[in-house]
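Each remark here refers to the structure printed beneath this line.
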Amino acid sequence: MIEFNCSFYLASTPTRSIGRAHTYRITKSELGIYGEVYTGNLIRSLGVHYGDYVNSTGAAIWRIHNLYSGPSVGRIQIHSEKHKSQAVTGNIGEAVVMPALGAAMGVVRIPFQRMKAHNLRCPDFRFYCDWVQLDRLWITSCSSMSNLPNDMPLEVKTHLGRDEGYPLDALEQLLKYWHECSSNGYASAVGFGVIARVDLDVNKNSGSNHHFIRYILFVPRTGFSLARFERGFKIIKSTDFKKKYRTEYKQKFIRWLGRYFI
């Protein structure tokens, strides 16, 4: 069995998990089935890809069997190794993240839809919200709030190795979605969303079937301003800001998030 340790975080405290972790178990065959249901790209036999990419079967590095041994030319080198495609890695994360969340919530299958936009990087999923169940999972009282959205965007980021860095690119995709909602009469959805970090931890646990999913919930504080948040986001993700506050960037970023989200 493949195991995913699912933990839950609030946007304002992304380094401290909330509530109890949930272990989601899945077979490679089920991974292949879910690949057809949930992923945005058509990839055959996703369970076989899992064995090769995550190295649970001890697969060796793939080699290109070049039949000509001519010399390299300047910076042009002979290509002899086949590298793992992020597209396949991403599909493994996309296949498992929604069923794992549903299992943690006690739901057989969460009503969901894939999202895609031309010339705009948007989140991967949007799913139906049962706010009482979300409250139980994230230990919040959001269901008592008024004017809650009926659905929630979810962006998935998958890594072949444990990645503790905050997903700025994923947050930017949520921000694009919120901007579209604000401009098209869906103001109640602005500021709400989930980022899922899938870590296929093959570096420290080579050959292991135990991995990690971190779900980060975004719920806006009262008085949330999309325009103000967007201006601040541009500043805080800039190269100049990161250089200026290199040693304290993470702390400043987390404090900044706490102004806008619970």
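The values are calculated or read from the model by the stated rules, or taken from the named source; none is laboratory data. These numbers were taken from a predicted model, which means no experiment stands behind them. As a convention, Cβ positions derive from the backbone with ideal geometry for all residues, glycine included, and neighbour counts pool all protein chains shown.
A single member of TYR38, TYR34, TYR24, TYR53 is more than 17 Å from the chain's Cα centre (by Cα) and surrounded by 19 or more Cβ atoms within 10 Å (Cβ to Cβ), and it is TYR53.
Checked against (1) over 27 Å from ASN5 (Cα atoms); (2) modelled with pLDDT under 95; (3) among the aliphatic types (A, V, I, L, M), VAL202 passes all but condition (1).
Among the residues of the range 30-58, the one identified as touching a His at 6+ places or on another chain (Cβ under 8 Å) and touching a residue at least 60 places away in the same chain (Cβ under 8 Å) is VAL54. Evaluation of SER188 against the conditions (1) surrounded by 15 or more Cβ atoms within 10 Å (Cβ to Cβ); (2) in contact (Cβ under 8 Å) with a residue 24 or more places away in the chain; (3) in a helix (DSSP H, G or I) shows that the sole unmet condition is (1). Scanning the range 242-255 for residues that are within 15 Å of LEU175 (Cβ to Cβ) and surrounded by 15 or more Cβ atoms within 10 Å (Cβ to Cβ) turns up at least one hit. Within the range 249-262, residues that are within 11 Å of ILE236 (Cα to Cα) and without any contact (Cβ under 8 Å) to a residue 60 or more places away in the chain sit with their Cβ atoms under 7 Å from residues that are of a type outside the set (A, V, I, L, M, F, W, C) and surrounded by fewer than 17 Cβ atoms within 10 Å (Cβ to Cβ), at 6+ positions apart or across chains, in these pairs: TYR249/LYS242; LYS252/TYR245; TRP256/GLY232.
Looking at the range 4-29 only, could you name the residues that are touching a residue at least 40 places away in the same chain (Cβ under 8 Å) and out of contact with any Phe, Trp or Tyr (no Cβ under 9 Å at 6 or more places or on another chain)? Residue satisfying the conditions is THR13 alone.
Within the range 72-89, does at least one residue satisfy the condition of being of a type in the set (D, E, K, R), over 30 Å from TRP256 (Cα atoms), touching a residue at least 60 places away in the same chain (Cβ under 8 Å) and assigned to a loop (DSSP other than H, G, I, E, B)? Taking every residue of the range 72-89 in turn, at least one turns out to be of a type in the set (D, E, K, R), over 30 Å from TRP256 (Cα atoms), touching a residue at least 60 places away in the same chain (Cβ under 8 Å) and assigned to a loop (DSSP other than H, G, I, E, B).
Each row is one residue, and each column tells you yes or no for (1) modelled with pLDDT under 95; (2) of a type in the set (Phe, Trp, Tyr); (3) out of contact with any strand residue (DSSP E or B) (no Cβ under 8 Å at 6 or more places or on another chain).
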residue	(1), (2), (3)
TYR215	no, yes, no
PRO220	no, no, no
ARG228	no, no, yes
SER238	no, no, yes
TYR249	yes, yes, yes
ARG259	no, no, yes
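Give all pairs with beta carbons closer than 8 Å in which a residue from the range 138-158 that is over 14 Å from TRP178 (Cα atoms) meets a residue that is hydroxyl-bearing (Ser, Thr, Tyr) and modelled with pLDDT under 95; count only pairs at least 6 apart in sequence or on separate chains. From residues that are over 14 Å from TRP178 (Cα atoms), the pairs are THR158/THR89.
Taking the listed residues HIS49, HIS22, HIS79, the one that is at pLDDT 80 or above and out of contact with any helix residue (DSSP H, G or I) (no Cβ under 8 Å at 6 or more places or on another chain) is HIS79, with no other qualifying.
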